[in-house]
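Heads up: the structure comes next, in structure tokens.
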Amino acid sequence: MTALPDIATVGVVGGSLAGLFHAVALTELGLDVDVWERATGRPDDRGAGIVLQPGVAWFLNEFTGVDPERVSVPVTHRQFFTKDGNSRVTPMRQRMISWGTIYKALRDTLPAERYHDGQPVTALTPTPAGATIHVDGAAQPVDLAIIADGSASRFRALVAPDGAPRYAGYVAYRGVIDEADLPQELATSLGDRFSFYDGDRTQFLCYFIPGDFGTTITGHCRMNWVWYVPADAPELKRITTDRNGSAHGLSLPPGLLAPEVHAGLLARARSTLPEPLRQLVEHTGDPFLQAILDGRVTRMRSGRMLLTGDAAFVVRPHTAASTEKAAADAITLFHALRQAPSADAALQAWEDLRLAAGTAIHSQGVSLGHRLGLSDLETAAG
Ligand SMILES: Cc1cc2nc3c(=O)[nH]c(=O)nc-3n(C[C@H](O)[C@H](O)[C@H](O)COP(=O)(O)OP(=O)(O)OC[C@H]3O[C@@H](n4cnc5c(N)ncnc54)[C@H](O)[C@@H]3O)c2cc1C
């Protein structure tokens, strides 16, 4: 498959999902693509859950050869708990996948020699015909640079100087538990369901995701839960300071929650959550957390540099659309480069479409957060 003659080489800054979606799609288009990722090695497969949306499913099917149905767990109903532990269910079919399963499918598709891990990009400079990527003292000229370095993007300002994300006033505590470690009765009551509890300025949700190596065999899956809890700035600082006293800022990985923060989480679960969901928190050895951010840009392109994934829009997780948005950035670029009469026309069409989509998802996320009472208008505006 051939693309435009004046784009032959592509450099991708950041090798997480957004970077990988672009690298795989553009390689499929016949372009010469390299990815530079500052972290070393593959993250393990204890990745948290992700609602499988149509764009991600299409991408896996079309470009990776991985059948999304085989690596995702179906749910047939939504289940809404009340504080006393009773629940009502309503039919709603969805499929749940994990971050690690998507990552593995993408990494396994991209030729290994094109993924340069442990190699941070130190500078990115625009050139008349593309950009230069600086890595490890070397300068790599490319015809197109994909900036996919995440919400804390170092290079966002090259394209959108006003787009840095802001804290939305609440955090998501998260947990992943092996299905085998759950009491049978609890696993059964949550199986086949996307379960929710909406309380006073709080929401808890949970669903099963694939287990090791993407397995979806009953008994070998994992339970994934997310609990949104308000936290002002001092509280955010307290709960993201790890058990060794090191401050992490906007997230804390599994295994590092300070004992007193973990004890506080368990106490909050006892006083706030319906019984089945309280049990989930109690069965979680290593809860982790991330701050909820709002990030919106008004540009996604400067010359031959494109801003993608969380480096562009950081949307609230209530939309279940962050990963879908990253996949859609890549799918849209794939089609634009294939169809447009010139590189400039393709990149302009891509920016117009993705700016409109990102702006809409961002607004939807903010309004869902308000509906849950999870942030005040002033905090979340912008
Ligand atoms: C803990 C967690 C849970 C999530 N849960 C969900 C969910 O349930 N549903 C959902 O849809 N989405 C979820 N997301 C968001 C989703 O994973 C992202 O939106 C999606 O992966 C796109 O992210 P990204 O690739 O743009 O950025 P990131 O995943 O943040 O990746 C950025 C990458 O760039 C690399 N990088 C940064 N600077 C440099 C540099 N200078 N040089 C080289 N590499 C660099 C980083 O190491 C990182 O690998 C979650 C994210 C996190 C962190």
Exercise. Mind running the shape call on the chain? Use the C-alpha gyration tensor, a ≥ b ≥ c as the square roots of the eigenvalues: rounded below 1.5 for a/c, prolate if a/b tops b/c, oblate otherwise.
Key: prolate
Quiz prompt | Degrees separating the helix 259-272 axis from the principal Cα axis of the chain, which is the longest one | solution = 60
Exercise. Based on the mean of other Cβ atoms within 10 Å per residue, sort peptides 52-58, 270-276 so the most packed one is first.
Key: 52-58, 270-276
Exercise. Return the sequence-ordered ³J(HN,Hα) values of segment 304-318 in whole Hz as given by the Karplus equation 6.51 cos²θ - 1.76 cosθ + 1.60 applied to θ = phi - 60°, using x for Gly and Pro.
Key: 9, 10, 10, 9, 9, x, 5, 5, 8, 10, 9, 10, 5, x, 4
Quiz item: Which of the chymotrypsin sites (Phe, Trp or Tyr not before Pro) found in segment 200-270 are loop residues per DSSP with 13 or fewer other Cβ atoms within 10 Å of their Cβ?
Solution: none
Quiz item: What whole number of Å gives the distance from the Cα centroid of segment 14-37 to the Cα centroid of segment 264-342?
Solution: 19
Exercise. Before rounding to the nearest 500, sum -39500 (n - 2.57) across all DSSP H runs of length at least 4 in the chain and divide by the residue total; then give [θ] at 222 nm in deg cm²/dmol.
Key: -9500 deg cm²/dmol
Self-check item: C-alpha long axis of helix 99-109 to longest principal axis of the chain, angle in °
Solution: 30
Quiz prompt | Highest average packing first - 344-352, 88-96, 35-43, 285-293, Cβ atoms within 10 Å | solution = 285-293, 344-352, 35-43, 88-96
Quiz item: If you put +1 on each Lys and Arg Cβ and -1 on each Asp and Glu Cβ, how big is the dipole of segment 194-342 around its Cα centre, in Debye rounded to 20?
Solution: 560
Self-check item: Portion, in percent, of the accessible area of segment 152-205 that falls on carbon or sulfur, probe 1.4 Å
Solution: 46
Quiz item: Percent of accessible area on segment 216-270 owned by carbon and sulfur, 1.4 Å probe?
Solution: 56
Practice problem: Of the DSSP beta bridges with both residues in the chain, give the percent that are antiparallel, rounding to the nearest 5. | Solution: 75
Quiz item: What are the residues whose amide H is under 5 Å from the amide H of residue 168, where those residues sit 5 or more places off or on another chain and H is modelled from the backbone?
Solution: 292, 293, 294
Quiz item: Is segment 147-221 rounded, prolate or oblate when judged by the Cα gyration tensor, a ≥ b ≥ c being the square roots of its eigenvalues, rounded requiring a/c under 1.5 and prolate requiring a/b larger than b/c?
Solution: oblate
Exercise. Convert each backbone phi in segment 65-78 into a coupling constant with the Karplus relation 6.51 cos²θ - 1.76 cosθ + 1.60 (shift: θ = phi - 60°), then list the ³J(HN,Hα) values in order as whole Hz, x for Gly and Pro.
Key: x, 8, 6, x, 5, 7, 10, 9, 9, x, 10, 10, 9, 9
Practice problem: Let me know the shape class of segment 245-382, please: from the alpha-carbon gyration tensor, a ≥ b ≥ c as square roots of the eigenvalues, rounded when a/c is under 1.5, otherwise prolate if a/b is greater than b/c, or oblate. | Solution: prolate
Quiz item: For segment 40-195, what is the percent of antiparallel DSSP beta bridges, rounded to the nearest 5?
Solution: 90
Practice problem: Evaluate the distance, in nm, between pseudo-label points positioned 7 Å from the Cα of residue 299 and of residue 342 along their respective Cα→Cβ axes. | Solution: 1.9
Exercise. Using only Cα atoms, locate the centre of segment 79-107 and the centre of segment 168-191, then give the distance between them in Å, rounded to an integer.
Key: 10
Self-check item: Backbone HN-Hα couplings from phi across segment 199-208 [Karplus 6.51/-1.76/1.60, Hz, Gly and Pro as x]
Solution: x, 6, 6, 7, 9, 10, 9, 7, 6, 7
Quiz item: Averaged per residue, what accessible area in Å² does the chain show with a 1.4 Å probe, protein chains only?
Solution: 43
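The values are calculated or read from the model by the stated rules, or taken from the named source; none is laboratory data. Please read all numbers here as calculations on a predicted model, not as lab measurements. No Cβ is skipped: glycine too gets one built from the backbone with ideal geometry, and neighbour counts run over all protein chains shown. Each accessible area value is taken on the protein alone, full model and side chains, heavy atoms only, with ligands, DNA and RNA left out. Shrake-Rupley method; radii C 1.70, N 1.55, O 1.52, S 1.80 Å.
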